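Report on the structure given below.
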Amino acid sequence: MPHDPLTAEQREIRDLVRTLARERIAPRAAEIDRSAEFPWDVVELFREHGIFSTLADEEHGGIGASALMTLVSVEEISKVCATSGLILAVQELGALAFKLAGADEQKRAYLPRLASGEALAAYALTEPGSGSDAAAMRSEARRDGDEYVLDGAKRFITNAGVAQVYIVFAQTDLGAGHDGISAFVVESSAPGLEVGRSEPKMGIKGSRTGEVFFNRCRVPASNRLGEEGGGFRLAMRILDRSRPGIAAQALGLAQGATDFALEYARSRETMGEPIVKHQLVAGMLADMETRCEAARGLLYRCGQMIDAGVEGPELTKLSAITKLFCTDTAMAVTTDAVQVLGGYGYMQEYPVERMMRDAKVTQIYEGTNQIQRLVIAREMLRESRALGGPGR
Ligand SMILES: Cc1cc2nc3c(=O)[nH]c(=O)nc-3n(C[C@H](O)[C@H](O)[C@H](O)COP(=O)(O)OP(=O)(O)OC[C@H]3O[C@@H](n4cnc5c(N)ncnc54)[C@H](O)[C@@H]3O)c2cc1C
């Protein structure tokens, strides 16, 4: 039996998700990509099998919030379909807003809906003029008695048009920079919330990515999440915990592509023997597997750290390292998988070209990998200053 960092109970959950992914989602993956339609049947499968239930504690309708188990599930699902893996990762993004900043009443109202999958979540931070520079957002929320009035436009929002619960960031004090941003929960039914067109994309085609407009959209003041002016800090605290979700999606893609390439290399023959016997191909497969194992080590450590309640710079740094390494791994490994399959790798008949297209976005969203490098270097500098020189 190979050593496994998961407990017997955790392995049981992983194996359930793995079986579901292989038997029910894998046969749908190519069609989801081809049709570019949001896979409601996968959401239904997740609901039926309690896949969202690791997002919340029992008192809020889950089986016990576990970052590690959510990451493991995203990884398993993304091995066969990254669009489907993203559904769980984004649901975690939404749930985190409540877990980190929700008042008791907000947690009671929203977490059970997210942990059952009754409602899907969306996280609306990016705008046409502000992606990496999130603090430059222009959307506004003006206080008007017992309500806030939201005006603005959000772009590239995953689950736009399929989510019922939007976590929205807007300026409540335009002159105050980072400290002028606040977070709100806005239901899809709120008057003044409109969803624009769905963007055609390179990959994760079944995932909806679109614009969300707020035109004098009124929400009760009680829909504010956390303190007024605390929205930017909340957004960053959420990202520290959600970036590993994208890392898990990326690792799933990388491992799925490696597994497929290995099977192909065992059966494809050239010059009288299976290509896996050619050392250049075997070396490529070995590098792919090594990168996946290293990525998994980082990812699981990150999940365990979140579950242990580690906060602040230590988590910020490891989360950025994990996102950077796992997503760069996904891009490199899926590209190599296409190479292992030769001309067949370039054809839509095989899943590795889809995996390569799907991998690209993991280097871009939830903070591009340039931004992750900036975050890591900033934290290294902070540590070095605190130690007063080389100290490790
Ligand atoms: C499919 C998809 C789904 C998405 N889903 C969501 C979502 O659900 N919610 C949400 O809020 N957003 C979402 N996004 C937005 C995503 O997070 C942003 O696209 C991303 O953060 C980059 O922002 P940008 O596109 O404005 O690029 P820019 O910020 O304009 O960056 C352009 C280039 O410049 C580089 N760059 C920028 N600033 C610096 C710097 N200081 N130093 C070095 N390099 C820099 C970037 O790395 C990048 O290469 C999604 C995007 C995509 C593609």
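Restricting region 189-217 to residues that are modelled with pLDDT of 95 or more and charged (D, E, K, R), the residue that is farthest from the ligand (Cβ to nearest atom) is R216.
Which of (1) surrounded by fewer than 24 Cβ atoms within 10 Å (Cβ to Cβ); (2) closer than 22 Å to Q255 by Cα; (3) of a type in the set (S, T, Y) is the odd one out, the single condition S35 does not satisfy? It is condition (2) that S35 fails. What do you reckon, is A332 within 16 Å of the ligand (Cβ to nearest atom) and out of contact with any Ser or Thr (no Cβ under 9 Å at 6 or more places or on another chain)? No, not satisfied.
Given the conditions (1) within 23 Å of M202 (Cα to Cα); (2) hydrophobic (A, V, I, L, M, F, W, C); (3) surrounded by 21 or more Cβ atoms within 10 Å (Cβ to Cβ), which single one is not true for F156? F156 satisfies every listed condition except (3). Restricted to region 63-88, and to residues there that are part of a loop (DSSP other than H, G, I, E, B) and open to solvent by 10 Å² or more (accessible area, probe 1.4 Å), the residue that is nearest to L299 (Cα to Cα) is S66.
So which of G303, G309 is without any contact (Cβ under 8 Å) to a residue 60 or more places away in the chain and away from the ligand (no atom under 14 Å from the Cβ)? First the steps, then the outcome.
On the way: G303 fails: without any contact (Cβ under 8 Å) to a residue 60 or more places away in the chain.
Just a single option satisfies the conditions, and that option is G309.
Among the residues of region 3-17, just one is open to solvent by less than 60 Å² (accessible area, probe 1.4 Å), within 18 Å of S78 (Cβ to Cβ) and among the charged types (D, E, K, R), namely R14. Count of region 163-180 residues, restricted to those that are in contact with a Leu (Cβ under 9 Å, 6 or more places away or on another chain) and under 10 Å from F232 (Cβ atoms), is 2.
Restricting to region 223-233, name every residue that is in contact with a helix residue (DSSP H, G or I) (Cβ under 6 Å, 6 or more places away or on another chain) and open to solvent by 90 Å² or more (accessible area, probe 1.4 Å). First the steps, then the outcome.
Narrowing region 223-233 to residues in contact with a helix residue (DSSP H, G or I) (Cβ under 6 Å, 6 or more places away or on another chain): 225-226, 229, 232.
Across region 223-233, there are no qualifying residues.
Among the residues of region 121-153, the ones that are surrounded by 14 or more Cβ atoms within 10 Å (Cβ to Cβ) and within 19 Å of the chain's Cα centre (by Cα) come to 9 in all.
Restricting attention to region 102-120, and to residues there that are among the small types (G, A, S) and within 24 Å of S73 (Cβ to Cβ), which single residue is surrounded by the most Cβ atoms within 10 Å (Cβ to Cβ)? Checked region 102-120; the qualifying residue surrounded by the most Cβ atoms within 10 Å (Cβ to Cβ) is A115. Considering only residues in region 159-188 that are open to solvent by 10 Å² or more (accessible area, probe 1.4 Å) and over 19 Å from G229 (Cα atoms), the one that is nearest to the ligand (Cβ to nearest atom) turns out to be G161. Candidates are the residues of region 347-392 that are outside any helix (DSSP H, G or I), open to solvent by less than 40 Å² (accessible area, probe 1.4 Å) and more than 10 Å from the ligand (Cβ to nearest atom); the one that is modelled with the lowest pLDDT is G389.
With respect to the conditions (1) under 20 Å from I77 (Cα atoms); (2) surrounded by fewer than 23 Cβ atoms within 10 Å (Cβ to Cβ), Y344 lacks only one, and its number is (1). You will find that of P220, P191, P200, P244, the residue that is in contact (Cβ under 8 Å) with a residue 24 or more places away in the chain and open to solvent by less than 10 Å² (accessible area, probe 1.4 Å) is P244 and no other. Consider S139 carefully, then state whether it is polar (S, T, N, Q), within 12 Å of the ligand (Cβ to nearest atom) and in contact (Cβ under 8 Å) with a residue 12 or more places away in the chain. So S139 fits the description; yes.
Before we move on, is D179 out of contact with any strand residue (DSSP E or B) (no Cβ under 7 Å at 6 or more places or on another chain) and modelled with pLDDT of 95 or more?
yes
There is no residue in region 136-159 that is of a type in the set (V, I, T) and outside any strand (DSSP E or B).
The values are calculated or read from the model by the stated rules, or taken from the named source; none is laboratory data. All of these numbers come straight from a predicted model, not from anything done at the bench. FYI the Cβ positions are ideal-geometry reconstructions off the backbone, even for glycines, and counts take in every protein chain you see. Remember, those area values only see protein heavy atoms, side chains included, never the ligands or the DNA or RNA. Shrake-Rupley method; radii C 1.70, N 1.55, O 1.52, S 1.80 Å.
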